[in-house]
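Colleague: What follows is a structure written as structure tokens; I'll ask about it next.
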Amino acid sequence: MIQYSMMKRKFHAVGHGAFYTEHLVCDGQESNIVYDCGCFETAKTGFSPSCFKLKINNAIDKEFAPGTEITALFISHFHTDHINGVEHLLERCKVKKIFIPKLSLSILVESIISYNELDKDSKPTLIDSLVQSQGENIGDIPVIQVETDEIKGGAEEQNYNTEDIETIISYSSGSRIALNNVWFYIPYFYKSNKDTQLIAALKNIIKLGKDIYGTAESVKNYVSINGVGNIKNIYEKVYGTKHNCYSMTVLSMPAFCAGKCSKNCLKANDINPRFCTSSCLYMGDYDAGVTDQMTGLKSYYENLKLWNYIGVIQVPHHGSENNYNDELYTPSRLCVISAGENDVYKHPDESVLEKLQNRGSIPLLVTDNDKTEQVFKINMCTDFR
């Protein structure tokens, strides 16, 4: 049996934020995937946060008609520039399943701290929903928490097919979420070695029992009682002032990549023989600059024998120098960076752009200018005979 499929991948022009979509058509069946959905343009002073929220909402409306079915929404982490469009997405579309990094006290509290600094009208409600449901749902949509232990070579893999996605209740290491048996999504979440130390310090102050959601009061109330400043100081003692240690990555790739999608590889030159646009690693704000996190990420996908198939990388944390690692970038990778045109954080960092070019990778900057939107179309014909 010959199966025809087409994948359209978009990196939407929302500036300093993250809104990435994939649309798969396979023998007449359609599936939509979303990785992160947010926008936070601190770059443009004089605009209120509600204006930035309107920008992501408009991008959602442009991409999806009302009632569009979203097979899966992957949320890398809970910073506003990655999620403040999710509420509108859930109202406009029918989302079947949401995947998030495994919740811990440290993730919940860190997210609440970041919300505390936002304008009241721009604060997302995801954390409220997750605390109330004890991490089981957002509204009436089931949530899957991804906890990825390091897998060993030859680990048994399990594929969750599209028709089974509503019945998934947990995600185990090495499992692949398969769309129509032609496309895979493989999440990875790294639990920092410092997390145990941080949780112990937090529990000394917050006085929670084994239940990270608290008993009579929510985590938000505990944070309020103990003071955001005090808890923020604990984070800085463990991680320093610049940490992004909770992002869940997702690898998107064809089920039959080796030799099956060669027509989608762009011939460049003798030094850079090809750029494959089929397989993409979405990274959120993953802290690849930390050695153990980079080692964990690479080892995970290497053990699945997939690392060398990655052709497109969403550069973590908008091109911050703190999240850079040489091992991510090779002469055969396209590197998409989402950042504001006049970013006060100076993203992407000039040193990162220079290093990418020196490595032979190709940086592609996506700003809030619609002309910078990046779209990749992958056509495939798979013969199962």
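Colleague: Inspect the stretch 294-308 for any residue being surrounded by fewer than 18 Cβ atoms within 10 Å (Cβ to Cβ), in contact (Cβ under 8 Å) with a residue 24 or more places away in the chain and either assigned to a strand (DSSP E or B) or over 19 Å from the mean Cα position of the chain (by Cα) (or both) and give the result as yes or no.
Modeller: Yes, that holds for at least one residue.
Colleague: Picking from ALA59, ALA65, which residue would you name as being closer than 24 Å to MET7 by Cβ, in a loop (DSSP other than H, G, I, E, B), open to solvent by 10 Å² or more (accessible area, probe 1.4 Å) and at pLDDT 95 or above?
Modeller: Working: ALA59 fails: in a loop (DSSP other than H, G, I, E, B).
Criteria check complete, one pass: ALA65.
Colleague: A further question on this structure: Checking THR21 against (1) modelled with pLDDT under 95; (2) outside any helix (DSSP H, G or I): exactly one of these is not met. Which one?
Modeller: Just one mismatch for THR21, condition (1).
Colleague: Is it true that some residue in the stretch 107-121 is charged (D, E, K, R) and at pLDDT 85 or above? Walk me through it before giving the result.
Modeller: The initial filter retains those residues of the stretch 107-121 that are charged (D, E, K, R), namely 110, 117, 119-121.
Restricting the remaining residues to those that are at pLDDT 85 or above gives none.
No.
Colleague: Right, something else. Mind listing whichever residues of the stretch 324-338 are in a loop (DSSP other than H, G, I, E, B) and open to solvent by 20 Å² or more (accessible area, probe 1.4 Å)?
Modeller: Narrowing the stretch 324-338 to residues in a loop (DSSP other than H, G, I, E, B): 324-325, 329-333.
Selection gives TYR324, ASN325, THR330, PRO331, SER332.
Colleague: Let me ask another. In this structure, is GLU341 open to solvent by 10 Å² or more (accessible area, probe 1.4 Å) and in contact with a helix residue (DSSP H, G or I) (Cβ under 9 Å, 6 or more places away or on another chain)? First the steps, then the outcome.
Modeller: Details: open to solvent by 10 Å² or more (accessible area, probe 1.4 Å): yes; in contact with a helix residue (DSSP H, G or I) (Cβ under 9 Å, 6 or more places away or on another chain): yes.
Taking the combined requirement at face value, the residue satisfies it.
Colleague: Which residues, counting only those in the stretch 73-112, are assigned to a helix (DSSP H, G or I) and open to solvent by 10 Å² or more (accessible area, probe 1.4 Å)?
Modeller: As a first pass, look at the stretch 73-112 and keep what is assigned to a helix (DSSP H, G or I): 80-83, 86-92, 105-112.
Within the stretch 73-112, THR80, ASP81, GLU87, HIS88, LEU90, GLU91, ARG92, GLU110, ILE112 meet the criteria.
Colleague: Being of a type in the set (A, V, I, L, M), open to solvent by less than 60 Å² (accessible area, probe 1.4 Å) and either without any contact (Cβ under 8 Å) to a residue 40 or more places away in the chain or out of contact with any helix residue (DSSP H, G or I) (no Cβ under 6 Å at 6 or more places or on another chain) (or both): is that true of VAL366 here? Outline the logic, then answer.
Modeller: Working: of a type in the set (A, V, I, L, M): yes; open to solvent by less than 60 Å² (accessible area, probe 1.4 Å): yes; either without any contact (Cβ under 8 Å) to a residue 40 or more places away in the chain or out of contact with any helix residue (DSSP H, G or I) (no Cβ under 6 Å at 6 or more places or on another chain) (or both): no.
So VAL366 does not fit the description; no.
The values are calculated or read from the model by the stated rules, or taken from the named source; none is laboratory data. Here the structure is a predicted model, which means the values were calculated and not measured. Cβ: placed from backbone, ideal geometry, glycine included. Neighbour counts: every protein chain shown. Surface areas here come from the heavy atoms of the whole protein model, side chains and all, with no ligands, DNA or RNA. Shrake-Rupley method; radii C 1.70, N 1.55, O 1.52, S 1.80 Å.
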